[in-house]
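The values are calculated or read from the model by the stated rules, or taken from the named source; none is laboratory data. Since we're looking at a predicted model, the values are computed, not measured. A quick note on method: Cβ atoms are made from the backbone with ideal geometry, for glycine too, and the neighbour counts reach across all protein chains shown.
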């Protein structure tokens, strides 16, 4: 388990960063930001692309800087996700750089270098190059290299990048770990074992991981930090940790403090309910890891037949 500290702020792994994005979500980014601050959630991810595209980017950056100093961890994404879905080829490192030079943040993902069957050494060198470029223009905070690869070459790629630049954290896209939950878990386990082998005990952040069951499994098998959009696109059943469609909250029996409130607009109620769940769920995982009761937690949330397939990949060190 790991702790991140910045100013007077502290978060402990496993931790989920709710992603704020303009892509396929219900609210505008400033509305999400306002809601997160009202709930006092301790951290979030925001896209450099969305900041650049905001109607009053200077005002938004000022607000983020105040949040960074006073209340929550700010993790900035490089904006390539939003640029891809908007089919915006004009998004460049130079635009990313302009945002970084003015924003006070705690963490930032490096500019992506995607795997395209090139030589491993070349890919490692390019990843290191863009990580260094990102860190060189950041006004503040830790740079997290995003390492893209395949299930077969991830351990070698991670070893090369970590030994080459010695990052404090590394980022990996969940979907690139494999096709199924078990394959992804096995790949993650191999990456963590490689880090242990080369004596680099650093956190792993999985990009695009917001499903609670996946967070549970990956937390026990080598990952530490997560971000995704599930918190604002679904509703979670706290008894099972399963996700429902955003409109299906009435199907869930819940007596949390949010669900007991009267008069909340439906979208606000769902999102607030979800965030409260994530905080409690992550704390439950932390406690189970500290007490060595990981298997009991798996039995609580997972079907019996799948647990023997996951147990070999649980990190015990």
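Values computed for the structure shown
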read-out: Any hit, region 226-242, residues being more than 16 Å from residue 185 (Cβ to Cβ), touching a strand residue (DSSP E or B) at 6+ places or on another chain (Cβ under 9 Å) and in a loop (DSSP other than H, G, I, E, B); value: yes
read-out: Residue under evaluation residue 294, criteria (1) modelled with pLDDT of 95 or more; (2) under 25 Å from the mean Cα position of the chain (by Cα), criterion not met; value: (1)
read-out: Residue list for region 115-138, restricted to those being exposed (fewer than 15 other Cβ atoms within 10 Å of the Cβ), touching a helix residue (DSSP H, G or I) at 6+ places or on another chain (Cβ under 9 Å) and assigned to a loop (DSSP other than H, G, I, E, B); value: 116, 118
read-out: Residues being assigned to a helix (DSSP H, G or I), surrounded by fewer than 18 Cβ atoms within 10 Å (Cβ to Cβ) and under 18 Å from the mean Cα position of the chain (by Cα) - total across region 150-180; value: 1
read-out: Qualifying position, being surrounded by 11 or more Cβ atoms within 10 Å (Cβ to Cβ) and more than 23 Å from residue 39 (Cβ to Cβ), among 302, 264; value: 302
read-out: Condition check for residue 188: assigned to a helix (DSSP H, G or I), buried (at least 24 other Cβ atoms within 10 Å of the Cβ) and on the phi < 0 side of the Ramachandran plot; value: yes
read-out: Residue match in region 6-19 (condition: over 26 Å from residue 167 (Cβ atoms) and in contact with a helix residue (DSSP H, G or I) (Cβ under 7 Å, 6 or more places away or on another chain)); value: no
read-out: Residue in region 295-317 that is farthest from residue 216 (Cα to Cα), counting only those that are outside any helix (DSSP H, G or I) and touching a residue at least 24 places away in the same chain (Cβ under 8 Å); value: 317
read-out: Of all residues making up region 32-56, the number that are farther than 15 Å from residue 269 by Cα, over 15 Å from the mean Cα position of the chain (by Cα) and in contact (Cβ under 8 Å) with a residue 60 or more places away in the chain; value: 0
read-out: Residues of region 70-90 that turn out to be more than 19 Å from the chain's Cα centre (by Cα), within 10 Å of residue 49 (Cβ to Cβ) and without any contact (Cβ under 8 Å) to a residue 60 or more places away in the chain, as a count; value: 1
read-out: Output for region 17-45, where each listed residue is assigned to a helix (DSSP H, G or I) and either modelled with pLDDT of 95 or more or closer than 16 Å to residue 82 by Cβ (or both); value: 29, 30, 32, 33
read-out: Some residue of region 142-158 being in contact with a helix residue (DSSP H, G or I) (Cβ under 9 Å, 6 or more places away or on another chain) and farther than 18 Å from residue 194 by Cβ; value: yes
read-out: Filtered residue count, region 51-80, keeping only those that are touching a strand residue (DSSP E or B) at 6+ places or on another chain (Cβ under 7 Å), closer than 15 Å to residue 108 by Cα and assigned to a helix (DSSP H, G or I); value: 2
